[in-house]
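What follows is a set of notes on a single structure, which appears directly below.
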Amino acid sequence: MPTGDKSSKGKAKKYKVNVLGEEMTVVADVTEEYIDKLIEYINDIGEAITRAYPGLPRRRITGLTLINMADEYYKLKKVYRDRIKEINNLREENKKLQNKINEMEIEQKELISLLEEVDQ
């Protein structure tokens with residue numbers, strides 16, 4: 001769990017954390033809860049690698065942890081980009097459908113007007 005204190009950099013705080021067995025200080029303008037979540041996430045990945053490969057030195061575990069996190073990041077980034085494209089396509093389709101509705105409403109009014117003329 002990080003310990004925080006005010007830094008001289010405005011809102012930034014210093015946090016002492018243990019990442020993959022190594023003590024370090026992180027300076028950031030974030031909450032302690034956020035730092036806790038990040039450290040827990042990193043350590044969970046590192047611990048999973050350590051369980052799978054118990055004999056690996058810490059340096060290799062750190063490297064594999066980084067690779068796993070980068071892999072997950074790029075996969076999620078692709079999903080995000082795909083969703084953005086999908087949203088943009090849906091917006092464009094929605095715009096076309098709205099235009100079609102507007103055209104049909106105009107046509108409906110014209111047809112009603114013609115029917116009223118015929119009925120008179």
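Numbers for the structure displayed
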{"read-out": "GNM result for the chain, Cα springs below 10 Å: residue of Leu76, Leu90, Leu20 fluctuating most strongly", "value": "Leu90"}
{"read-out": "MRE, 222 nm, helices only [DSSP H, n ≥ 4, -39500 (n - 2.57), over the chain, to nearest 500]", "value": "-25500 deg cm²/dmol"}
{"read-out": "Tyr74 paired with Tyr34, simple spin-label distance in nm, labels 7 Å along Cα-to-beta-carbon", "value": "2.6 nm"}
{"read-out": "Gyration tensor (alpha-carbon) shape descriptor, the stretch 1-103, a/c threshold 1.5", "value": "oblate"}
{"read-out": "Length gained when the stretch Arg59-Lys11 is fully extended (0.36 nm per residue, less Cα-Cα span)", "value": "14.0 nm"}
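Read-outs throughout are calculated quantities, based only on the coordinates presented, and are distinct from any laboratory measurement. Just so it is clear, the structure is predicted and the values come from calculations on it, not from any experiment. Note that we place each Cβ from the backbone using ideal geometry, even for glycine, and neighbour counts take in every protein chain shown.
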